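Heads up: the structure comes next, in structure tokens.
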Amino acid sequence: MRFGAKFIQRSAVLLLLLAAVAALSLPLFALVNHGKKHEYRQEIEAMEDQWRDAMLSNNIAALDKLTSDDYTAINANGTIETKQQFLDHRKSARFQISTMELSDRRIRFYGSTAVVTSLAKVTGKNSSGNASGNFRYTRVYNLNSSGKWWIVSFEASRVRDPNDRR
């Protein structure tokens, strides 16, 4: 009987030791994830700046590199564009942006997905004339199997003047 009691006592100590190691590793795991999240945030912020610069300079190659093959955009006028339509539209230079000021940027992470919301003050023109205004947008990034972030979706809405009753 004495052997059984020592076995149970040693088993209990071992379980307590394993529980302590597991409990101590949780904060370490959280720190590793926090560090990775900080790294990802910096990558997304850099990509947002690359996007802005590519739109201002109409850099089709950079826009192509930033977007996934199944990229989909919903523009402020409600039209849907595939990646190819978006790139063709930019190549045609029918929409030209001369300034773009970004503010109120927020980045949230959901596993391998990042959602960016921001306010863009844009000065530009399109085939109909003036296309300037303030726009709220959501851009969705996905971390692909190669460990590279890319843009999978975009949606913009024009910010209306609160006094405009249309």
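Every read-out reported here was derived from the displayed coordinates using simple, explicitly stated rules and does not represent laboratory data. A quick note: this is a predicted structure, and the numbers were derived from the prediction, not measured. Note that each Cβ is placed from the backbone with ideal geometry, even for glycine, and that neighbours are counted across all protein chains shown.
Structural remarks
- Search result, residues across the stretch 97-133 that are acidic (D, E) and surrounded by 14 or more Cβ atoms within 10 Å (Cβ to Cβ): none
- The condition (being among the basic types (K, R), surrounded by 16 or more Cβ atoms within 10 Å (Cβ to Cβ) and not in a strand (DSSP E or B)) is satisfied by just one residue among R94, R90, R139: R90.
- Inter-residue pairs, beta-carbon under 7 Å, first more than 18 Å from L66 (Cβ to Cβ) and in the stretch 134-159, second aromatic (F, W, Y), 6+ apart: S157/F135; R158/F135; V159/F135
- Pick from the stretch 61-87, criterion surrounded by 12 or more Cβ atoms within 10 Å (Cβ to Cβ) and polar (S, T, N, Q), ranking: farthest from V140 (Cα to Cα): Q85
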